[in-house]
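Asks: Below you'll find the structure I mean.
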Amino acid sequence: MIEHRDSGFSMCQLSLPGFDGSADSYLGLVAQHKVSVELVPVADVTKQFLSHLTDSERLDLHLAGELMAASARLMAMKSAHLLLQPSEEEDQEPLPARVFDPTERDSLSGAIESLSAREGQESFGPFATSTEMKRQSEPRSPALLKRAWHELQTRAAAPERRVAVPGFVRLEVAVSGLIRALRSGSAVVFRHFTGDSSRIDTVMHFMAVLELVRQRRVHTVQEELFADITVLWASDSAETSAQAG
Amino acid sequence: MQVHDGSAQLVSAPENVEVIHRFLGTAKPASLSRSALETLTIVAYRQPVTRPEIEAVRGVNSDRAVHTLVSRGLIEERGRRDTMGKPSEYATTFSFLEYFGLRSLDELPALPDNGASGATPTDLGLRS
């Protein structure tokens, strides 16, 4: 079932047909069957969850995981509800008489009628009751879990990086950045561009170096195979002649 | 106030159900089928109870009814019986009390006289 924390989750506001309020209230209503799961606009809910995540200044991995789990749970509940289910009566296979005690059933018949008469006299409890999410698989080894946890912690503590829309450096920006760094007088080691950058950023910077080499504005030095590539600024005269050429 | 399994919660009074549904813009939940109601009654009075025990009272396969009640949150698994096959034990939840507007299991109607006259859930050894 849907499990959520008070912090963050309750701050995610949903605006849906017939409902305006916090996500935890809405999910509580669905979990308690106060809102028919058939009427839940799962796509809208997911879109608003994603919007809430991308609007945040920092990516909260815990909250993101909870919102995704909640969306998946809603989708599973709605799918299960929409699938044709056999009625309970169709599922009833008579059992052998030796395991059936009709006297006990008779003693409960009055209680069944009493409970039936009480149907519809609902009381409403807290909406945001946490419900338990069942584990779908056995836990992995503690060492793997520990490594995954450290990785998540590192990513959560890293400077802001939006994950919904991956940003990348354009070639022109990479070229001008490289020129600026080289003109300040120091050589640039290419590894500098691969440290915290994404793969596409690294490719863009490599293409920028190639472009500058083609224009003879820089030259590169690599002492041995697989060693660091050092980019050096060519002389201004070479640059001028290259531009004239 | 509803009390269940050592916990308590404040709830609205059952007589306000219409007003609250109108306020929330929600519909009343679909009624339970006869077989689901039978199964739920057995769980309420005999909890914690295993599926074979439910079937022994009803005389029919109760897989689907138990599944329906679990998915509606009216009953839940409460561990496993330490016997052959380790069957799951089922018990009622807070949602069960909410659904029927009961304050506790003690408010369940007493069973008719069949050797255990006027037996309430507490008499049957259930936790309040």
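The values are calculated or read from the model by the stated rules, or taken from the named source; none is laboratory data. In this text the structure is predicted, and so the values were computed from the model without any measurement. Here the Cβ positions follow ideal geometry from the backbone for every residue, glycine too, while neighbour counts run over all protein chains shown.
Asks: Scan (1) among the hydrophobic types (A, V, I, L, M, F, W, C); (2) out of contact with any strand residue (DSSP E or B) (no Cβ under 8 Å at 6 or more places or on another chain); (3) touching a residue at least 60 places away in the same chain (Cβ under 8 Å) for the single condition B:A44 breaks and write down its number.
Replies: Tallying (1) among the hydrophobic types (A, V, I, L, M, F, W, C); (2) out of contact with any strand residue (DSSP E or B) (no Cβ under 8 Å at 6 or more places or on another chain); (3) touching a residue at least 60 places away in the same chain (Cβ under 8 Å), B:A44 fails exactly one: (2).
Asks: Of the conditions (1) modelled with pLDDT of 85 or more; (2) more than 29 Å from A:Y26 (Cβ to Cβ); (3) more than 9 Å from chain A (Cβ to nearest Cβ), B:Y90 satisfies every one except a single condition; which number is it?
Replies: Among (1) modelled with pLDDT of 85 or more; (2) more than 29 Å from A:Y26 (Cβ to Cβ); (3) more than 9 Å from chain A (Cβ to nearest Cβ), the lone unmet condition for B:Y90 is (2).
Asks: If you go through the range A:105-124 one residue at a time, how many are in a helix (DSSP H, G or I) and over 18 Å from B:E53 (Cβ atoms)?
Replies: 7
Asks: For A:K47, all conditions in the list (1) under 22 Å from B:S95 (Cβ atoms); (2) among the basic types (K, R); (3) free of Cβ contacts under 8 Å to residues at least 12 places away in the same chain hold save one; what is the number of the exception?
Replies: Checking A:K47 against (1) under 22 Å from B:S95 (Cβ atoms); (2) among the basic types (K, R); (3) free of Cβ contacts under 8 Å to residues at least 12 places away in the same chain, the one that fails is (1).
Asks: Any idea which of (1) more than 7 Å from chain B (Cβ to nearest Cβ); (2) over 17 Å from B:T68 (Cα atoms); (3) modelled with pLDDT under 65 is the one A:S71 doesn't satisfy?
Replies: The single condition A:S71 does not satisfy is (3).
Residue-wise test of (1) of a type in the set (S, T, N, Q); (2) part of a loop (DSSP other than H, G, I, E, B); (3) free of Cβ contacts under 8 Å to residues at least 40 places away in the same chain; (4) touching a His at 6+ places or on another chain (Cβ under 9 Å).
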{"residue": "A:E172", "(1), (2), (3), (4)": "no, no, yes, no"}
{"residue": "A:G177", "(1), (2), (3), (4)": "no, no, yes, yes"}
{"residue": "A:L182", "(1), (2), (3), (4)": "no, no, no, no"}
{"residue": "A:S186", "(1), (2), (3), (4)": "yes, yes, yes, no"}
{"residue": "A:T202", "(1), (2), (3), (4)": "yes, no, yes, no"}
{"residue": "A:F206", "(1), (2), (3), (4)": "no, no, yes, no"}
{"residue": "A:E211", "(1), (2), (3), (4)": "no, no, no, no"}
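Asks: Would you please name the residue that is surrounded by the most Cβ atoms within 10 Å (Cβ to Cβ), looking only at residues in the range B:21-51 that are among the polar types (S, T, N, Q) and either within 7 Å of chain A (Cβ to nearest Cβ) or under 11 Å from the mean Cα position of the chain (by Cα) (or both)?
Replies: B:T39
Asks: A:T230 passes all but one of (1) modelled with pLDDT of 80 or more; (2) assigned to a helix (DSSP H, G or I); (3) out of contact with any His (no Cβ under 6 Å at 6 or more places or on another chain); which number fails?
Replies: In the conditions (1) modelled with pLDDT of 80 or more; (2) assigned to a helix (DSSP H, G or I); (3) out of contact with any His (no Cβ under 6 Å at 6 or more places or on another chain), A:T230 misses (2) alone.
Asks: Right, here's the next one. Of the conditions (1) at pLDDT below 75; (2) more than 7 Å from chain B (Cβ to nearest Cβ); (3) over 28 Å from B:S12 (Cβ atoms), A:E89 satisfies every one except a single condition; which number is it?
Replies: (2)
Asks: Taking the conditions exactly as written (closer than 13 Å to B:L97 by Cβ and buried (at least 16 other Cβ atoms within 10 Å of the Cβ)), does B:V17 satisfy them or not? Spell out how you get there, then give the answer.
Replies: Numbers: closer than 13 Å to B:L97 by Cβ: no; buried (at least 16 other Cβ atoms within 10 Å of the Cβ): yes.
When the stated conditions are applied, B:V17 does not pass them.
Asks: Please state which one of A:V42, A:V99, A:V30 is modelled with pLDDT of 75 or more and within 29 Å of B:S62 (Cβ to Cβ).
Replies: Exactly one of A:V42, A:V99, A:V30 is modelled with pLDDT of 75 or more and within 29 Å of B:S62 (Cβ to Cβ), namely A:V30.
Asks: Another one. Collect the residues in the range B:52-85 that are more than 9 Å from chain A (Cβ to nearest Cβ) and either under 18 Å from A:I112 (Cβ atoms) or in contact with an Asp or Glu (Cβ under 6 Å, 6 or more places away or on another chain) (or both), keeping them in residue-number order.
Replies: Scanning the range B:52-85 gives B:E53, B:I54, B:V66, B:L69, B:L74, B:I75, B:R78, B:G79, B:R81.
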